[in-house]
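Engineer: Below is one structure. I have some questions about it.
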Amino acid sequence: MVDRRRTLLGDTLAIVMAGGQGERLYPLTRDRGKPAVPFGGIYRVIDFTLSNCLNSGLRKIYVLTQYKSGSLERHVRIGWGPLFNHELDEWIQCVPPQLRVGERWYEGTADAVYQNVYLLEQERPRYVVVLSGDHIYKMDFARLIARHEANGAIATAAAVEVPLAAASAFGVIAVDEEWRITAFQEKPKAPSPVPGRPGTALVNMGVYVFDTETLVRALTADARRDTRHDFGHDILPALVDTKKLYAYPFIDENKKETAYWRDIGTLDSYYDASMDLVAVEPVFNLYDKNWPIRTMAQQLPPAKTVFAQEEPGGRLGIVLDSLVSGGAIVSGGRVERCILGPEVRVNSYAKVVDSVLMDGVDIGRHAHVTKAIIDKDVRIPASFVVGEDPEEDKRRFTVTPAGVVVIPRGAQLD
Amino acid sequence: MPKILIIEDEKNLRLLYQQDFERDGFEVVTAATAAEGLAMVQDEAPDLVVMDIRLPGMDGLEAMSRLLDKNPKIPVILNSAYSSYKDSFMSWSADAYVVKSADTGELRTRVRELLASRANS
């Protein structure tokens, strides 16, 4: 067996937190956990974090699951498992709660790792990278780990720089001139600015590197305290006094002017991040061959548009400013600024605008859909209207504060 | 009077600890297995637990993590003839790790310290 431990990355274990229930994404999370929610047509939310791992060279990955983890487990096993070679000491594996410590579910992110300390015991890596499975961003963890080592840090938290006013909604990290962490502030009214850059503050991304011994000692101590057992709230703040805790500036592999990092926390943030993809110059680029985003491949025929009757009243299959997945057919309908998942069908005279249609959605003739998220396999009947009458939509569906209509999987609209 | 639970499968050690701790002014209850000990944690509500590691059936490390899951505030001292378990991550949850010795001095000192710090917290 190849000794991958000789390298920094080979001696690093990644733990992806994928147990989030995603209450605020309901009904998209009715039958699946937050990391398994489809995103960008062919992907699931967790694919972005896993692509970051793969592109960074992290090849020992545990995905900690909890709620409704069936579809996530299948996705990781079939879509990601074959990319890791056990003979080279590489793996990706979903770990459901084992109830080894007690007969209870995870009570916070730190508790989830604490209950799986035996995995660290078996592997005894030099470093552990702790990641969230529900963020959309591109990041090279190899650079993060190298900086962690160069700093002589015991723990390092990645942080994205945002305008001071926007930071109040997040967990903020205060640092000194050398980026040593001095405090963690939770949704602060007055966030500490970055030294030398008074207009910005550092938002905690929930991306951490730990020396394994530091992590285990911190987790075992925290497990005996009355805390929320949360990395950002409890574990890292307890290490600030060591003065060996550093922040790491998020270097965006997306290579756009503004650093792109999104927490898919609510239906509106899910919708906004989806719409980020369809812009002419998308702020998040899926097409960079140097940073490929992978997912579970499906064998599907090419997407297709049919009917080119451009005369008034004719059938015209047309798609503008949209992402179209394999197997989708736009047959005489009109699609603008949409994400069409695999095998979606839009029929004649239908009009779909500013919407996300997941796998297998079928839009009937003359139907109108505006600003909606439609979950898998929903059949929109002929002449049905979504997104034009807010009162009628609220009576039948979930409507977000920003006015996005969400139609759950299995909805019967006939 | 603080109550100490000793979980120890060797009968002679149980007797020795019982005598010494009672002489120090503690109430002592003892168990010979982890299962028996965990039941006594519920019934006797001890102020501190001295836990052997190599026990018949469930070992002391697993017993400790079960005990702490329900009673995270009870101080636990791991007490083993072997120092090798100090490397085990599971053992790091303990408040102290005392290697067994014919002299109970160190163990008794740690018990007094932990109960004192608990009384002050």
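We did not get these values from a lab; they are worked out from the coordinates using the rules stated. The model shown is predicted, which means the values in this text are computed figures rather than measured ones. Glycine gets a Cβ as well: all are built from the backbone with ideal geometry, and neighbour counts include every protein chain shown.
Engineer: Which percent, nearest 5, of DSSP beta bridges in the protein assembly as shown are antiparallel? Don't skip to the end; give the middle numbers.
Structural biologist: Details: 30 of 96 bridges.
About 30 percent, rounded to the nearest 5.
Engineer: Fewest Cβ neighbours within 10 Å first, please rank A:D389, A:D276 accordingly.
Structural biologist: A:D389, A:D276
Engineer: What is chain B by shape, rounded, prolate or oblate, if you read a ≥ b ≥ c off the alpha carbon gyration tensor as root eigenvalues and call it rounded for a/c under 1.5, prolate for a/b larger than b/c, and oblate otherwise?
Structural biologist: Cα axes put chain B in the rounded bin.
Engineer: Something else about it: What does the C-alpha gyration tensor say about the overall shape of region A:214-268? Classify as rounded when a/c is under 1.5, otherwise prolate if a/b is larger than b/c, or oblate.
Structural biologist: Taking the square roots of the gyration eigenvalues as a ≥ b ≥ c, region A:214-268 is oblate.
Engineer: Nearest 10 degrees is fine. How inclined is helix A:267-278 to the longest principal axis of chain A, computing both from alpha carbons?
Structural biologist: Relative to chain A, helix A:267-278 is tipped by roughly 70 degrees.
Engineer: Placing unit charges on C-beta atoms (Lys and Arg positive, Asp and Glu negative, everything else neutral), compute the dipole magnitude of chain A about its Cα centre in debye, rounded to 20.
Structural biologist: It works out to roughly 480 debye.
Engineer: Using the alpha-carbon centroid of each, what span in Å lies between region B:7-25 and region B:70-121?
Structural biologist: 15 Å
Engineer: While we're on this one: Treating the beta-carbon of each Lys and Arg as +1 and of each Asp and Glu as -1, no other charges, what is the dipole magnitude of region A:120-183 about its Cα centre, to the nearest 20 debye?
Structural biologist: About 120 debye.
Engineer: Pull out a ≥ b ≥ c, the square roots of the eigenvalues of the alpha-carbon gyration tensor of region A:96-180, then state rounded if a/c is under 1.5, prolate if not and a/b is larger than b/c, and oblate in the remaining case.
Structural biologist: Taking the square roots of the gyration eigenvalues as a ≥ b ≥ c, region A:96-180 is oblate.
Engineer: Using Cα positions and a limit of under 22 Å, work out the lysines in reach of A:K304, with same-chain residues fewer than 8 apart set aside.
Structural biologist: A:K351, A:K376
Engineer: In a shell of Cβ-Cβ distance under 14 Å around A:H368, excluding A:H368 itself, what net charge do Lys and Arg (+1) and Asp and Glu (-1) give?
Structural biologist: With Lys, Arg at +1 and Asp, Glu at -1, the net is -2.
Engineer: Okay, next question. Considering only A:Y208, A:N85, A:Y137, whose Cα is most displaced toward the positive end of the charge dipole of chain A, charges sitting on Cβ of Lys, Arg (+1) and Asp, Glu (-1)?
Structural biologist: After comparing all options, I get A:N85.
Engineer: Towards the positive end of the charge dipole of chain B, with charges on Cβ (+1 Lys, Arg; -1 Asp, Glu), say which of B:V41, B:L61, B:S117 has the farthest Cα.
Structural biologist: Final value for the positive-end residue is B:S117.
Engineer: Let me ask something else. Arranged by the count of other C-beta atoms within 10 angstrom, fewest first, what order do B:M1, B:M58, A:M205 take? Provide the component values of the computation, followed by the final result.
Structural biologist: Numbers: B:M1 8, B:M58 14, A:M205 24.
Fewest to most other Cβ atoms nearby, the residues stand as B:M1, B:M58, A:M205.
Engineer: Now a separate question. Can you give the direction-averaged projected area of the convex hull of the alpha-carbon atoms in the protein assembly as shown, in nm²? Write out the running numbers ahead of the final one.
Structural biologist: Details: hull surface 120.3 nm².
Result: 30.1 nm².
Engineer: Sticking with this structure for a sec: Could you tell me the relative contact order of region A:261-414? Use alpha-carbon pairs under 8 Å, at least six residues apart, and round to a whole percent.
Structural biologist: Answer for region A:261-414 is 14 percent.
Engineer: Take chain A, mark every one of the GluC sites (Glu not before Pro) that falls in a DSSP loop and has at most 14 other Cβ within 10 Å, then report the longest stretch left between them, sites excluded.
Structural biologist: A:1-102
Engineer: Can you give the % of DSSP beta bridges in region A:295-414 that are antiparallel, to the nearest 5?
Structural biologist: If we restrict to bridges inside region A:295-414, about 10 percent are antiparallel.
Engineer: Which of A:S325, A:Q298, A:G364 sits farthest toward the positive end of the charge dipole of region A:273-375, with +1 on the Cβ of Lys and Arg and -1 on the Cβ of Asp and Glu?
Structural biologist: About the Cα centre, the residue reaching furthest to the positive side is A:G364.
Engineer: Within region A:122-141, which residues have the backbone N less than 18 Å from the label spot 7 Å out from A:T242 along Cα→beta-carbon, could you tell me?
Structural biologist: A:124-131
Engineer: Exposure proxy check: A:V162, A:V319 ranked by fewest other beta carbons within 10 Å?
Structural biologist: Values: A:V162 22, A:V319 19.
Ranked by crowding around the Cβ, least crowded first: A:V319, A:V162.
Engineer: Also, I was wondering about something else. Given Cβ point charges of +1 (Lys, Arg) and -1 (Asp, Glu) and nothing else, what value in debye, to the nearest 20, does the dipole of region A:14-103 about its Cα centre take? Numbers along the way, then the final one.
Structural biologist: Details: 11 positive and 8 negative charges, 56 e Å.
Taking the Cα centre of region A:14-103 as origin, the dipole is about 280 debye.
Engineer: In straight Cα distance, which lysines are under 18 Å from B:K86, not counting same-chain residues fewer than 8 positions off?
Structural biologist: B:K100
Engineer: Could you work out the helix-only [θ] at 222 nm for chain A, with each DSSP H run of four or more residues adding -39,500 (n - 2.57) and the total divided by the number of residues, to the nearest 500 deg cm²/dmol? Please list the in-between numbers first.
Structural biologist: Working: 9 runs with 75 residues, N = 414.
Per the formula, -5000 deg cm²/dmol.
Engineer: To the nearest 0.05, what FRET efficiency results for B:A119 and A:T398 with a Förster distance of 51 Å applied to their C-beta separation?
Structural biologist: According to the calculation, E is roughly 0.40.
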